[in-house]
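The structure under discussion appears below in the form of structure tokens.
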Amino acid sequence: MENNFVYKGYRLCAIVKRRVAGNSASFTATLTMVRHDGSKSTTHGVPDFVEGGSAATPSRAVDAAILYGRQVVDRMSQVTSA
């Protein structure tokens, strides 16, 4: 499973954590964004997971984190181009 994705000059990396509740496991992820030149790194909580949600599989947690990272980068691009 690939948990890194390069998007518009940023490396998006999902850090997956496993949670065990009773007999079932669920997964959450945080997002680390690194500028492609390595000059700046930030970590973000993924809203779905910060609000108490979880994913059924690690790959779905990664997908949620990467999607959120793309949205953050897009919003940053809109602010700088305005």
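The values are calculated or read from the model by the stated rules, or taken from the named source; none is laboratory data. Computed from a predicted model, the values in this text were never measured in an experiment. Please note: Cβ atoms are built from the backbone with ideal geometry, for glycine as well, and neighbour counts cover all protein chains shown. Note: areas computed on protein heavy atoms with side chains; ligands, DNA, RNA excluded. Shrake-Rupley method; radii C 1.70, N 1.55, O 1.52, S 1.80 Å.
Accessible area per residue (1.4 Å probe, heavy atoms of protein chains only) ranks Val34, Val73 as Val34, Val73, with the largest value leading. Between Arg75 and Lys17, the modelled labels are 2.1 nm apart [label points 7 Å from Cα along Cα→Cβ]. Distance from the Cα centroid of region 47-67 to that of region 10-24 is 7 Å (rounded to whole angstrom). With contributions of -39500 (n - 2.57) from each DSSP H run of at least four residues, the per-residue ellipticity at 222 nm computed over the chain stands at -11000 deg cm²/dmol. Only the Cβ atoms of Lys and Arg (+1) and of Asp and Glu (-1) were treated as charged; on that basis the dipole of the chain about its Cα centre amounts to roughly 140 debye. Across the accessible surface of the chain, with the other protein chains kept in place and a 1.4 Å probe, carbon and sulfur atoms take up 50 percent.
Toward the positive end of the charge dipole of region 34-73, with +1 on the Cβ of Lys and Arg and -1 on the Cβ of Asp and Glu, the farthest Cα among Val50, Gly38, Val62 is that of Gly38. Restriction of the trypsin sites (Lys or Arg not before Pro) in region 32-73 to DSSP coil positions whose beta-carbon has at most 15 other beta-carbons within 10 angstrom yields Lys40. Over the chain, accessible surface divided per residue gives 65 Å², non-protein components excluded, 1.4 Å probe.
Accessible surface comparison of Glu51, Glu2, probe 1.4 Å, protein chains only, largest first: the order is Glu51, Glu2. Provide the FRET efficiency to the nearest 0.05 for the Arg60-His36 pair, computing r from the beta carbons and using R0 = 25 Å. That pair, Arg60 with His36, gives E of 0.45. For the chain, the equivalent ellipsoid built from the Cα gyration tensor has semi-axes of 26, 13, 9 Å, listed from largest to smallest. Our estimate of slack between Glu2 and Val50, defined as 0.36 nm per intervening residue step minus the Cα-Cα distance, is 15.1 nm.
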